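Colleague: Shown below is the structure under consideration.
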There are 2 protein chains.
Amino acid sequence: MKLSDGVEQAIHCMLMLSGLQPDGAMPAAALAEYHGVSTSYLLKHLQALAGAGLLTSVPGPRGGYRLGRAAEKITLLDVVLALEGAGPAFRCSEIRQRGPDPLPQKFFAKPCGVSAAMLKAERAYRDELRKVTIAELAYNPDTELGNAIEGRSCAFRDRHERRRAAS
Amino acid sequence: MKLSDGVEQAIHCMLMLSGLQPDGAMPAAALAEYHGVSTSYLLKHLQALAGAGLLTSVPGPRGGYRLGRAAEKITLLDVVLALEGAGPAFRCSEIRQRGPDPLPQKFFAKPCGVSAAMLKAERAYRDELRKVTIAELAYNPDTELGNAIEGRSCAFRDRHERRRAAS
Ligand code: FES
Ligand code: FES
C-alpha cells in the first residue's frame with residue numbers, strides 16, 4: 001500500500017495557496033518552482049484537486065490556482081481522496097463465493113467478516129485524516145519553525161501572487 | 001491507495017489453514033482450487049507469507065503450507081505488512097527543503113507537520129488491524145453463517161489435508 005508522491009506535493013501546494021489574498025491566484029509554474037518539482041507533473045495533481053472542488057482554476061494572464069473553499073474547511077482526507085480516488089484501499093472480490101461447493105446465496109447478504117474488519121481499519125484512518133485541516137497545518141505562530149516557514153512562503157507569495165487588479 | 005488483490009486471498013488462505021491439525025499441511029494447488037484463483041498467482045503470496053514467518057512451507061510429497069504460529073498470534077496487520085511491505089503508505093520526500101531560498105538545516109530536525117499527521121492516521125489504521133486475529137475471524141460458532149463456512153471448509157480440509165503419517 002503506497003500513496004502517490006502527489007499527495008505530499010498537493011498538500012504543500014494547498015498550504016502555500018492558503019496564504020493568498022481572497023482575489024489572489026498563483027500559477028502552476030510558481031507552485032512547481034517553490035516545491036522543486038516539474039510543472040507538468042504537478043499540473044496533473046492540481047487538476048485533480050480542482051476537479052474535486054478543492055482548488056479553483058483562475059483563467060487568463062493574471063490566472064492560476066487558489067483554494068476552492070476556506071482552508072478551515074479542507075481536510076487532509078479531502079486531499080487524499082481527490083488524488084487517490086474515493087474507493088477503499090481494500091476491495092472484497094467475494095472470494096468466499098468462489099471455488100467448489102459454494103454455500104447458498106442467502107449466506108452472503110452480510111459482508112464477509114474479513115472485509116468488515118479491513119474497512120473498519122480504513123474508517124479509523126480516514127477519521128484521523130478528517131480531523132486535520134489545511135488551515136491548522138499552514139501556520140503555527142507559536143514556534144520559531146512555524147514563523148520561519150511562514151516568512152519563506154510569504155516572501156515567495158509576494159513575488160508570485162497574481163491579483164485581479166495590478167498591484 | 002490500493003491494497004493488492006493478494007491481501008484478500010492471503011487472509012482467506014490463513015483462515016483455511018487455521019483449521020489444519022498441528023502436523024497437517026495443505027498444498028498450494030488445493031488452496032488455489034478452494035479460492036478459485038490460479039496456483040501460480042497464489043504461490044507468490046504464499047511465499048511472501050512464508051518469508052514473514054506467517055506460514056511454514058512443508059517440503060516433500062506430504063508437504064504444503066501450514067500456519068507459522070498459532071492463529072491467535074497472527075493479526076490482520078501481520079498479513080497486510082507481509083504482502084505490502086512494512087513501509088508507511090505516505091513517504092515524506094522532504095519537499096519542504098526543496099525550491100528557492102531554503103531554510104537553514106536546523107529547522108528540519110523535527111518531521112514536517114504534514115508527514116506527522118499522515119503517519120498518525122496510518123498508526124490508527126494499523127492499530128485497528130492489529131486488534132483482529134486470524135483465530136477470531138476463522139470460526140464464529142454462534143451464527144448459522146459461521147457454522148456453514150466451517151462445514152464447507154472442514155469438508156474441503158478432510159479431502160486435501162496432508163498429514164505426516166498416512167491417514
Ligand atoms: S470474501 Fe472478500 S474479504 Fe472475505
Ligand atoms: S516535507 Fe514531506 S510532508 Fe512536508
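The values are calculated or read from the model by the stated rules, or taken from the named source; none is laboratory data. Not measured: the values here are computed from a predicted model. Positions of Cβ are backbone-derived with ideal geometry, glycine not excepted, and every protein chain shown enters the neighbour counts.
Colleague: Against the definition (more than 9 Å from chain B (Cβ to nearest Cβ), within 13 Å of the chain's Cα centre (by Cα) and of a type in the set (Val, Ile, Thr)), how does A:Val58 come out, yes or no?
Modeller: Details: more than 9 Å from chain B (Cβ to nearest Cβ): yes; within 13 Å of the chain's Cα centre (by Cα): no; of a type in the set (Val, Ile, Thr): yes.
So A:Val58 fails the test.
Colleague: Given the residues A:Glu84, A:Glu122, which is the only one that is within 16 Å of ligand 2 (Cβ to nearest atom) and not polar (S, T, N, Q)?
Modeller: Numbers: A:Glu122 fails: within 16 Å of ligand 2 (Cβ to nearest atom).
Every option except A:Glu84 fails the conditions.
Colleague: Continuing with the same structure: In region B:126-151, how many residues are touching a Leu at 6+ places or on another chain (Cβ under 7 Å), more than 12 Å from B:Glu72 (Cα to Cα) and among the small types (Gly, Ala, Ser)?
Modeller: Selection size over region B:126-151: 1.
Colleague: Go through region A:109-132 and report how many residues are in a loop (DSSP other than H, G, I, E, B) and either among the charged types (D, E, K, R) or closer than 18 Å to B:Ser153 by Cβ (or both).
Modeller: The first filter runs over region A:109-132 and keeps only residues in a loop (DSSP other than H, G, I, E, B), leaving A:109-112, A:131-132.
Retained after the next criterion (residues that are either among the charged types (D, E, K, R) or closer than 18 Å to B:Ser153 by Cβ (or both)): A:110, A:112, A:131.
Residues that pass the stated criteria total 3.
Colleague: Can you name every one of the helices (runs of 4 or more DSSP H) wholly within region B:1-108 that holds 3 or more residues which are within 16 Å of ligand 1 (Cβ to nearest atom), touching a Ser or Thr at 6+ places or on another chain (Cβ under 9 Å) and modelled with pLDDT of 95 or more?
Modeller: B:6-17, B:28-35, B:76-84
Colleague: What number goes with the only condition from (1) of a type in the set (A, V, I, L, M, F, W, C); (2) within 16 Å of ligand 2 (Cβ to nearest atom); (3) within 15 Å of the chain's Cα centre (by Cα) that B:Phe108 does not pass?
Modeller: In the conditions (1) of a type in the set (A, V, I, L, M, F, W, C); (2) within 16 Å of ligand 2 (Cβ to nearest atom); (3) within 15 Å of the chain's Cα centre (by Cα), B:Phe108 misses (3) alone.
Colleague: To continue, here is another question. Return yes when B:Asp142 is more than 16 Å from ligand 1 (Cβ to nearest atom), exposed (fewer than 14 other Cβ atoms within 10 Å of the Cβ) and not in a helix (DSSP H, G or I) and no when it is not. Lay out the reasoning, then the answer.
Modeller: Working: more than 16 Å from ligand 1 (Cβ to nearest atom): yes; exposed (fewer than 14 other Cβ atoms within 10 Å of the Cβ): yes; not in a helix (DSSP H, G or I): yes.
Taking the combined requirement at face value, the residue satisfies it.
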